[in-house]
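What follows is one structure encoded as structure tokens, with my remarks underneath.
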Amino acid sequence: MSRDADLPAPLPATPAAHGGPFGKALLRAGFEDFRVTEIMNVVPEGEGEHLWLEIEKTDWNTEDVALWLAKQAGIHRLAVGYSGLKDRRAVTRQWFSLHLPGKADPDFSWPAGLVALQARRHRRKLNRGTHRGNRFEIVLRELDADRDALERTLHTLSERGVPNYFGEQRFGRSGGNWQRGQQWLLGGEAPRKRALRGIWLSAVRSGLFNRVLAERVREGVWDRPLDGDILQPRDSRGLFEADQDDNAEARVAAGEVHPTAPLPGKAGMASSAACRQLEARALRGCDALIEALAGEGVEAARRATRLPVNRLQWAWSGGVLTLGFDLPTGAFATTVLAELVETRTPVNDN
């Protein structure tokens, strides 16, 4: 894409890998139809300067909860920690920490939509990325779909996973962050708020990643290695070249390691051979965007192209399908649903 190209470019298509979608359904008919629970790596020890709270929130943004906790406790917002952002239009359970050196636990007056489930002391603040994943419980209503096809595909998802696309949430309402990010990077108006800089950069990188992954899906190589691929062990951020491991194909097939695709930026670990050729085809015309990302100091990285869908369970009740599954941090439940049905949300969904 040149700087003279018409902007904004549309969001990349994200083709399904397993033949879907097989129908339509209503998502988020109510808050209780979309539940998320953090799966933690750390258990509070029971003593220390930090009060850890597990909170169930409904119709609250994570950051708004952090601000409310800081105000109630009489501490600075930066003294409140959490591991990850959670949906507002949902019932979600997540942990927060409050730094209270020499102070007793505050006497909270909980508002509607917030319920304290646990309170334990710990020696350290809760930092971003501390949880290892999330448990999702999702109800699909008004289902108009091929049930047999859904059953077959659910078994396939449990065995093979899904393409690890970034979900629509990453790109903002109607893809606005993706669009504005492109415009800025290719010579347009810079974000007025500093916080928007990271959001727009992330949206652009994510869109470019989705372009490469979509190409791998179309060519049937999203879940198997190519010559010159860069692989990532399961549950690890480490990377290694597929050509350095004689057992790479077998390890990918067993789910021990995953192929990856680029998150463009300043020079990083690059693929070669057939993998590099595929990535070049997928990103043809995007040189100016990639150069601009590097110019903003964004470091290149890699992301797994395959997303395991762990502990997948489902149940039918008439025209309602209830799903439960675990995903690692950084993954999107909507990418799982997209392999099954097209979803719509109520018209009053904000």
Could you please let me know if ALA203 is among the small types (Gly, Ala, Ser) and over 22 Å from GLY129 (Cβ atoms)?
no
Is at least one residue of segment 324-331 without any contact (Cβ under 8 Å) to a residue 24 or more places away in the chain and farther than 23 Å from ALA261 by Cβ?
no
Exactly one of LEU78, LEU126, LEU98 is part of a strand (DSSP E or B), aliphatic (A, V, I, L, M) and either open to solvent by 70 Å² or more (accessible area, probe 1.4 Å) or at pLDDT 95 or above (or both), and that one is LEU98
Can you pull out the residues in segment 137-165 that are touching a helix residue (DSSP H, G or I) at 6+ places or on another chain (Cβ under 9 Å), closer than 14 Å to GLU342 by Cα and not aliphatic (A, V, I, L, M)?
ARG141
Mind checking whether some residue in segment 296-319 is polar (S, T, N, Q), in contact with a Phe, Trp or Tyr (Cβ under 9 Å, 6 or more places away or on another chain), farther than 26 Å from ASP229 by Cβ and open to solvent by 20 Å² or more (accessible area, probe 1.4 Å)?
yes
On the basis of being among the charged types (D, E, K, R) and more than 16 Å from the chain's Cα centre (by Cα), does ARG205 make the cut?
no
By residue number, the members of segment 216-264 that are among the small types (Gly, Ala, Ser), open to solvent by less than 40 Å² (accessible area, probe 1.4 Å) and within 20 Å of the chain's Cα centre (by Cα) are GLY238, GLY255, ALA261
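Here's the yes/no breakdown for (1) touching a strand residue (DSSP E or B) at 6+ places or on another chain (Cβ under 8 Å); (2) within 18 Å of THR343 (Cβ to Cβ):
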{"residue": "ALA13", "(1), (2)": "no, yes"}
{"residue": "ALA17", "(1), (2)": "yes, yes"}
{"residue": "PRO44", "(1), (2)": "yes, no"}
{"residue": "THR58", "(1), (2)": "yes, no"}
{"residue": "GLY74", "(1), (2)": "no, no"}
{"residue": "SER109", "(1), (2)": "no, no"}
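The values are calculated or read from the model by the stated rules, or taken from the named source; none is laboratory data. Since we're looking at a predicted model, the values are computed, not measured. Neighbour counts run over all protein chains shown; Cβ positions are idealised from the backbone, glycine included. Ligands, DNA and RNA are excluded from the accessible area calculation, which covers all protein heavy atoms including side chains. Shrake-Rupley method; radii C 1.70, N 1.55, O 1.52, S 1.80 Å.
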